[in-house]
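What follows is one structure encoded as C-alpha cells, with my remarks underneath.
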Amino acid sequence: MEMHQIKYFLAVTRTLNFTRAADQCNVTQPSLTRAIQKLEDEFGGMLFNRERALTHLTELGRMVLPHLEQTYEAAEAATLLASSIGKAEVTPLVIGVADGLHLPVLDEILANLATTLPALTIDLRGGTCGHLLETALKGSLDLVITALPDQAPERLETWPLYVQRYAVAIAAQHRGAQGQPLALADLAAEPWIDGGDAGTALWRNAACAMGPAPTFRHKVEHRSQALRLAALGLGHVIVPAGLAAPGVRVVNLTDCELYQKVVLGAVAGRRRGYAADAFLRAARARDWQPCAADVGNQAGLIRLESAHNTAAGSAR
C-alpha cells in the first residue's frame, strides 16, 4: 500500500466522483482508477460501488475509511513536522481548552511540537464552551478543544476527538469510598460543589430528570479548588473519569453515566498559522480515547451527550 493510493481513495470518498477526485489530486482519471483498483486488490474486495451518478462506499470501504484517514493524517503530520526542523521563526499557537476536560494526549502533542518547533510559543486559555467559541470567532484563538455544542456556529469547523465520561469525586473518608456501590439516591441529598464546567451541567440535568435536584452548596472556578473542598468532606464534585487526586476517590454511580463528545474546532475558511496547522494535523493523527478512561457498559443508564441536552433514560 502506498500513500498516493490512500490519498486518491480519500479524495473519492469526499467527492464520490472519480473524475472530480482525479482533478483534485492533479492526476488523470485512469491513473486514479488504477491506484484504487490496486488498493482493492490488497484489501481483497471492492471499496466503491461504481455507478454513473451514485458512486458510494461499499461496506468494506466504510470499514477501512477511518483507518486510512488516520494513516494519511499521521503521514502528513510527520512530513509537516519534519520539514519544520531547524526553522528559526517564531511560531505562536493559541489554543482554548474548555474547563473540566482531562487531556493527557494534549500534553503529549504539545511536548512533541515544542521539541520539533524550537521557536514555538504556546498560549493556553481556559473558559466555558460558549466563551471559547465566541473568542475564536473574534480571531483571538487558533483552535479550541471543547464539548460539541448542540447549536454550533455555522463558521465552526470541527473534528471529533473522543467521548468524555464523568464520575463523582467524594472524600476518601466517605462511606462510598470504601467500595460500596453508589446510586443517585445515595448522594442526591448530600451537598455538592458547582465546578462551573460542562460536567457539572450534565450532572444537574441528569439528577433533575431522575429525582430531586442536587443541592450545590459551594461554587468554585477551578477543578483544584473543587477537589480541595471535596477532600475536606464539604461536598461532592463531578470530574472526568479516571482522574486521581489526594484525599478523594473517584467513583461511578450505578444508575447514571454522563458523556459528552469532545471536538477540536477552528473557524472555517480562516488561514491558520504554521504551528496551528501542525497541531491540527498531529491531533487528527492521534488516538484521543485514552482521555476518556473506560467508557464502560452504557446499557440502562442515564446518558447525556451535551450540557444543553435534557436527560433521557432509566435506572438500571
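All of the numbers you see were taken from the coordinates with simple rules; none came from a lab. These numbers were taken from a predicted model, which means no experiment stands behind them. Backbone-built Cβ (ideal geometry, glycine too); neighbour counts: all protein chains shown.
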Once you put a point 7 Å from the Cα of Ala268 and another 7 Å from the Cα of Leu80, both along the Cβ direction, what distance in nm separates them? 1.9 nm
Write down, largest first, the equivalent ellipsoid semi-axes of the range 164-259 in whole Å, where each equals the square root of 5 times an eigenvalue of the alpha-carbon gyration tensor. 17, 15, 13
Go ahead and set up a Gaussian network model of the chain, Cα springs under 10 Å, then flag whichever of Arg223, Arg125, Arg271 fluctuates most. Arg271
In the range 164-259 the DSSP beta bridges are antiparallel at a rate, in percent to nearest 5, of 65 percent
In the range 149-236, what GluC sites (Glu not before Pro) fall in a loop by DSSP, with at most 14 other Cβ atoms inside 10 Å? Glu154, Glu221
Could you tell me what percent of the DSSP beta bridges with both partners in the chain are antiparallel, to the nearest 5? 60 percent
Note down the nm distance, to one decimal, between modelled labels 7 Å out along Cα→Cβ at Ala213 and at Arg34. 6.9 nm
Taking the range 1-79, which GluC sites (Glu not before Pro) meet the DSSP loop condition and have no more than 14 other C-beta atoms within 10 Å? Glu2, Glu51
Could you work out the helix-only [θ] at 222 nm for the chain, with each DSSP H run of four or more residues adding -39,500 (n - 2.57) and the total divided by the number of residues, to the nearest 500 deg cm²/dmol? -12000 deg cm²/dmol
Roughly how big is the range 164-259's charge dipole about its Cα centre, with Cβ charges of +1 (Lys, Arg) and -1 (Asp, Glu), in debye to the nearest 20? 200 debye
Check cross-link reach from Lys261 to the aspartates and glutamates: straight Cα distance under 16 Å, and skip same-chain residues fewer than eight apart. Asp99, Asp150, Glu157, Asp197, Asp287, Asp294, Glu305
Compactness summary of the range 137-208: radius of gyration and Dmax from Cα atoms, Å, are 17.1, 49
Rank Gly211, Gly233, Gly126 by mean-square fluctuation in a GNM of the chain with C-alpha springs under 10 angstrom and give only the top-ranked residue. Gly211
Give a quick list of chymotrypsin sites (Phe, Trp or Tyr not before Pro) in the range 151-240 that DSSP marks as loop, anything other than H, G, I, E or B, with at most 12 other Cβ atoms within 10 Å. none
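Suppose we take every Cα in the range 3-84 and form the convex hull; what volume per residue is that in Å³?
Dividing the Cα hull volume of the range 3-84 by its residue count gives 90 Å³.
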Quick check on packing: order 103-115, 252-264 by the mean number of other C-beta atoms within 10 Å, highest mean leading. 252-264, 103-115
For the chain, with a Gaussian network of springs between Cα atoms less than 10 Å apart, report the residue from Thr19, Thr71, Thr128 with the top mean-square fluctuation. Thr19
Whole number please: convex hull volume per residue of the Cα set in the range 1-156, in Å³? 171 Å³
For the chain: relative contact order, % (alpha-carbon pairs under 8 angstrom, 6 or more apart): 21 percent
Express in whole angstrom the spacing between the alpha-carbon centres of the range 89-138 and the range 175-231. 28 Å
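Normalised radius of gyration for the chain, please: alpha carbon Rg relative to 2.2 N^0.38 Å, two decimal places.
Relative to the 2.2 N^0.38 Å estimate, the chain comes out at 1.17.
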